[in-house]
Structure formats: structure tokens, C-alpha cells
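Enquirer: Take this structure first; my questions come after.
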């Protein structure tokens, strides 16, 4: 069984954003793209509705690109544990 992994909004953001001229951000984008291509399938990846909502916000084209990366990622059912984890992550 693959390890479970909760994916937060930074990942689709780095995957789909325009290449940054900031070296730190550009490095994070590249690391994220490498992980997405090479390691993502080593995990059972999940997202919450909050991730979908965050990914859908902002610029329409950018949001569409972010949501496109999440099309095949299963959505966690909202329960007390998911809500608690989300609150912890948002802090």
C-alpha cells in the first residue's frame, strides 16, 4: 500500500505558474515539477475541498490551470479529522 499524502495548494500553484525570475521561487517550481513527474505516483494523493476552493480563486486562467492539475486527485470527504487538519495547516 502506498503512503497517503495530503496535497496542499502550493503544489498546483508551483506546477502551473509562469517561471519565476526569483531564484528561490524558480527552484521551488522546478523541485515541484520534478516531484510531480517522478514521485507523485509513489503516494496516494488526496486534497480537501479547501484546496479546490483555494485553487479556484484568483485569475481565471491561472485557476483553470491549477484545477486541471487536480482533476485526477481524489477529494477527501469532510469530517472532523479533515476539518481539524485543515485548520492546523491554515495556521
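Values quoted throughout were computed directly from the atomic coordinates according to the rules given, and no laboratory measurement underlies them. Just so you know, these numbers come straight off a predicted model, no measurement behind them. Here the Cβ is made from the backbone with ideal geometry for all residues, glycine too, and neighbour counts use every protein chain on show.
Enquirer: Can you name every residue in the range 57-78 that is free of Cβ contacts under 8 Å to residues at least 40 places away in the same chain and closer than 17 Å to residue 4 by Cα?
Expert: Once the filter is applied, which keeps residues that are free of Cβ contacts under 8 Å to residues at least 40 places away in the same chain and closer than 17 Å to residue 4 by Cα, the range 57-78 yields 72, 74, 75, 77, 78.
Enquirer: Considering the range 19-30 alone, what residues qualify as being under 25 Å from residue 90 (Cα atoms) and in a helix (DSSP H, G or I)?
Expert: Those that are under 25 Å from residue 90 (Cα atoms) and in a helix (DSSP H, G or I): 24, 25, 26, 27, 28, 29, 30.
Enquirer: Those residues that are loosely packed, with under 13 Cβ neighbours inside 10 Å and assigned to a helix (DSSP H, G or I), I need them from the range 31-59; list them, please.
Expert: Selection gives 31, 34, 37, 38, 41, 42, 53.
Enquirer: Just need a number here: residues in the range 2-30 that are without any contact (Cβ under 8 Å) to a residue 24 or more places away in the chain and surrounded by fewer than 11 Cβ atoms within 10 Å (Cβ to Cβ).
Expert: Here is the first cut: in the range 2-30, the ones without any contact (Cβ under 8 Å) to a residue 24 or more places away in the chain are 10, 14, 18-30.
Then drop every residue that is not surrounded by fewer than 11 Cβ atoms within 10 Å (Cβ to Cβ), which leaves 18-19, 21-24.
So the answer is 6.
Enquirer: Let me ask something additional. Does residue 81 satisfy the criteria of being out of contact with any helix residue (DSSP H, G or I) (no Cβ under 8 Å at 6 or more places or on another chain) and either surrounded by 10 or more Cβ atoms within 10 Å (Cβ to Cβ) or part of a helix (DSSP H, G or I) (or both)? So that I can check it myself, show each step before the final result.
Expert: Values: out of contact with any helix residue (DSSP H, G or I) (no Cβ under 8 Å at 6 or more places or on another chain): yes; either surrounded by 10 or more Cβ atoms within 10 Å (Cβ to Cβ) or part of a helix (DSSP H, G or I) (or both): yes.
When the stated conditions are applied, residue 81 passes them.
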